[in-house]
Structure formats: structure tokens, C-alpha cells
1. Give me the pairs, please: first residue somewhere in segment 81-102 and closer than 19 Å to L48 by Cα, second residue anywhere and of a type in the set (F, W, Y), beta-carbon distance under 7 Å, and either six or more positions apart or on two chains.
2. Would you check if there is a residue in segment 232-245 being hydrophobic (A, V, I, L, M, F, W, C), assigned by TED's automatic domain parsing to the domain that holds W122 and either assigned to a helix (DSSP H, G or I) or over 21 Å from the mean Cα position of the chain (by Cα) (or both)?
3. From the list I88, I33, I23, exactly one residue is in the same structural domain as F171 (by TED's automatic domain parsing), buried (at least 20 other Cβ atoms within 10 Å of the Cβ) and out of contact with any His (no Cβ under 9 Å at 6 or more places or on another chain). Which is it?
4. Exactly one of (1) in the same structural domain as Q111 (by TED's automatic domain parsing); (2) among the polar types (S, T, N, Q); (3) in contact with a Phe, Trp or Tyr (Cβ under 8 Å, 6 or more places away or on another chain) is unmet by T177. Its number?
5. Quick one: is L196 out of contact with any Cys (no Cβ under 6 Å at 6 or more places or on another chain), surrounded by 13 or more Cβ atoms within 10 Å (Cβ to Cβ) and modelled with pLDDT of 95 or more?
6. Suppose we filter L155, L86 for residues that are out of contact with any strand residue (DSSP E or B) (no Cβ under 6 Å at 6 or more places or on another chain), assigned to a helix (DSSP H, G or I) and of a type outside the set (D, E); which single one remains?
Amino acid sequence: MIFAKKSLGQNFLVDQNIIKKIINLTEIKNRNIIEIGPGKCALTDEILKKKPKNLILIEKDNLLAAELENKFKKNQKVKIFNKDILKIDIEKIAKKNSVIFGNLPYNISSQILIRLIKFKNWPPNYTDLILMFQKEVAEKIIGKSYGRLTIITDLRLKCINKFEISSQCFFPKPKVTSSLIHLMPKNKINFNINNLNNLEKITNIFFSNKRKMIKKNLIKILGQNKLNQLKQINMKLRPSDLKPEVYYKIVELFETK
């Protein structure tokens with residue numbers, strides 16, 4: 001028997017009703033599917049029942065990956081990567097029009113999302129992200145708890161569905177409530193940001209001092225000349241008072257010579 005590992009943030013989804021609710025969020029038949037952290041295959045088995053074109057499984061746990069290899073060795077549709085999701089080039093393996101599912105380890109869930117947002121080619125090869133997060137992180141993504149993750153996500157993704165999942169639906173039971181978020185890429189982006197690392201850097205500067213007024217950090221980032229191009233912004237506002245569009249404009253100005 002394989003037990004859940006705290007070090008990998010493993011909590012296996014076991015509630016069949018929730019599994020079916022997740023699976024039914026999008027069309028799977030004849031689609032390219034990627035599952036991050038398949039674990040004991042609760043979601044995987046239901047995906048295969050829907051007859052995808054192919055299924056890529058990314059599992060870091062060596063014992064679980066060995067079980068997956070054994071279970072699916074005769075299934076030509078299934079390909080398994082026994083690798084860390086933060087070290088694999090997921091953009092390279094994602095085929096066109098892929099759907100990405102993931103019961104993400106809570107300790108690295110936001111890092112995984114950022115990697116998916118930072119695909120070099122946009123629109124990306126995936127059409128849907130159906131991902132599970134700790135409730136508090138999910139609220140940051142969708143803007144209920146506004147911050148850096150809201151701003152970075154909102155540039156390229158839109159949330160089309162969200163529901164909470166009780167700890168009772170997992171084994172072992174986590175100490176927190178989970179949220180499932182269905183995200184889709186925005187095909188048209190109205191801001192010309194060349195390097196998303198700059199958006200990460202600038203939002204980090206602001207939200208590291210989120211109780212302070214924005215004026216000093218704006219001057220520090222842009223200099224007075226570029227700052228003059230940001231019209232009608234109240235310099236006494238706090239970082240949480242600025243809409244995402246303002247941050248995108250700040251990054252655009254930062255990147256101009």
C-alpha cells in the first residue's frame with residue numbers, strides 16, 4: 001500500500017461525485033489531456049472513460065509513477081512522465097488544444113499556475129486549465145482576495161467556473177477547504193508586456209509594501225519622466241487600490257527605453 005506523503009503535499013481525491021463534476025466541466029472525447037499529479041488515478045480512470053485522444057500523466061512520486069507504468073503499460077494512449085512539474089517543460093509536451101487537469105500540491109500550486117501563465121507562445125497550446133487549489137489561494141487568483149496572483153493571472157487567463165470542495169472528499173483529509181477553478185486563456189491581450197518576469201518583479205515591489213502609498217515605488221520603478229505619462233493616478237493610493245490594467249501599463253512604461 002502506498003501512503004500519502006506530506007512532503008509532496010499529497011491528498012488523494014476520493015469523492016466520486018466531485019470527480020464526475022470535475023470531469024464534466026469540459027469536453028474530453030478525442031482531446032489531448034494532461035493530468036498533473038494523477039496519484040492513485042481517481043480522476044485518471046474517469047478521464048479515460050471519456051475516450052481522450054491521448055493522456056499525459058506527470059507524477060513526481062517514484063512509487064506512484066511505477067504503479068502508473070504498470071497499470072497503463074498496454075494502453076497506447078497514456079504517456080507517463082516521472083518528473084517534478086516545476087522542472088519539466090510542460091509547454092514543450094502540451095499538444096495543440098490540450099486540457100490540463102491538476103489536483104495540485106498546495107505548497108507549490110501558485111508556482112505551477114505561474115508556469116502555465118508564462119508560456120512563451122500565446123495563445124498557448126492548452127484551451128482549459130481545470131486546477132485545484134487551497135481555498136485561500138483560489139481567492140487570490142480570482143480577485144476575491146486581491147493581490148499579485150490576481151494581477152498576474154488576469155493578464156492572460158479568465159475564470160469561467162469555480163466551486164469549493166470539502167476536506168471530507170480527500171484521503172487523508174487536509175486541514176483546509178479546497179477550490180476547483182476552471183480557467184481559459186484570453187486570446188486577445190490588450191497590453192504589450194514583453195517579459196512577464198517584469199510584471200512579477202513590479203507587483204512584488206508594490207505588494208511588499210502594500211500599506212504604503214504608491215508614489216515612492218512608482219518613482220523608483222519608472223523615474224519622474226515616465227511617471228508623467230501615467231495620467232490621472234492618485235499618488236496617495238495603496239497597491240490594492242490599483243486595477244490590474246494600471247499595473248500592466250506600469251510594466252509597459254518600465255519596458256520602454
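1. Taking only residues 6 or more apart or on different chains, the pairs are A94/Y126; S98/Y126; V99/Y126; I100/Y126.
2. To start, the set of residues in segment 232-245 that are hydrophobic (A, V, I, L, M, F, W, C) comprises 233, 235, 237, 242.
Subsequent filtering for residues that are assigned by TED's automatic domain parsing to the domain that holds W122 retains none.
So far as segment 232-245 goes, no, none of its residues is hydrophobic (A, V, I, L, M, F, W, C), assigned by TED's automatic domain parsing to the domain that holds W122 and either assigned to a helix (DSSP H, G or I) or over 21 Å from the mean Cα position of the chain (by Cα) (or both).
3. Numbers: I88 fails: buried (at least 20 other Cβ atoms within 10 Å of the Cβ); I23 fails: buried (at least 20 other Cβ atoms within 10 Å of the Cβ).
Criteria check complete, one pass: I33.
4. It is condition (3) that T177 fails.
5. The answer is yes for L196.
6. So the residue among L155, L86 that is out of contact with any strand residue (DSSP E or B) (no Cβ under 6 Å at 6 or more places or on another chain), assigned to a helix (DSSP H, G or I) and of a type outside the set (D, E) is L155.
The values are calculated or read from the model by the stated rules, or taken from the named source; none is laboratory data. Predicted model only: the values in this text are computed from it and were never measured. Positions of Cβ are backbone-derived with ideal geometry, glycine not excepted, and every protein chain shown enters the neighbour counts.
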